[in-house]
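Working notes, beginning with the structure itself.
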Amino acid sequence: MAADITFFLAPDDETAAKTRSSHPGRALTCVNCTGFDPDVAVVDWTAFFDGQILRDAERRDSGKWPRYVAEFLNDGVGVFVVSGKLVTALAAAGPNELRHLASYWGERLVEQNEHELTAAEQLSVVENVARLAGSTDGSGLYCWQW
């Protein structure tokens, strides 16, 4: 589980990768959160929009894992790209669909024995990341995690 998570907008992979050592900070538009594994979350969110429910082995073997632009090193920091497909789905989702996504994700978190986030916090994360996805305007959506 990541202690510090930041979804952020960047113009390209190179700019996003440079945040690995310094955090996206105030220079880039971002959403900060904590208490979950963001790479697992984006796999689960993608499955939701694909109409699937992935369990542990299915999740691991799904081929939906994000592409890292800055791999994890000994310090535990990594930066990955949120797929264009997921960005489009999040940006297009209405309030009801985002509530359903948050509920679906909450069920996956319970299955993974991750109980850090309340239902309200899950919804807040989903809504905030969806809002960010809706404002990409030519930028990519990335995630920095530690």
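The values are calculated or read from the model by the stated rules, or taken from the named source; none is laboratory data. Just so you know, these numbers come straight off a predicted model, no measurement behind them. Using ideal geometry, Cβ is built from the backbone for each residue, glycine included, and neighbour counts are taken over all protein chains shown. All accessible areas refer to the heavy atoms of the entire protein, side chains included, with ligands and DNA or RNA removed. Shrake-Rupley method; radii C 1.70, N 1.55, O 1.52, S 1.80 Å.
Details
- Segment 1-44 - charge dipole about Cα centre, Lys and Arg +1 at Cβ, Asp and Glu -1, debye rounded to 20: 260 debye
- Computed 3J(HN,Hα) for segment 105-118, one whole-Hz value per residue from the Karplus formula 6.51 cos²θ - 1.76 cosθ + 1.60 where θ = phi - 60°, is 4, x, 5, 5, 5, 4, 4, 8, 6, 10, 10, 6, 9, 6, glycine and proline marked x.
- Using 0.36 nm per residue and subtracting the Cα-Cα separation, the extra length available between ARG99 and ARG67 on full extension is 8.9 nm.
- Relative intensity, log₁₀ I(q)/I(0), of segment 43-129 from a Debye sum that treats every alpha carbon as a point, q = 0.17 Å⁻¹: -0.80
- Of (1) 156; (2) 103; (3) 121, the label for volume of the Cα convex hull per residue in Å³ derived from the coordinates: (2)
- Alpha-carbon centroids, segment 115-142 and segment 32-106: separation in whole Å: 10 Å
- 1.4 Å probe accessible area per residue over the chain, in Å²: 50 Å²
- Note on the chain: with neighbouring protein chains present and a 1.4 Å probe, carbon and sulfur make up 50 percent of its accessible heavy-atom surface.
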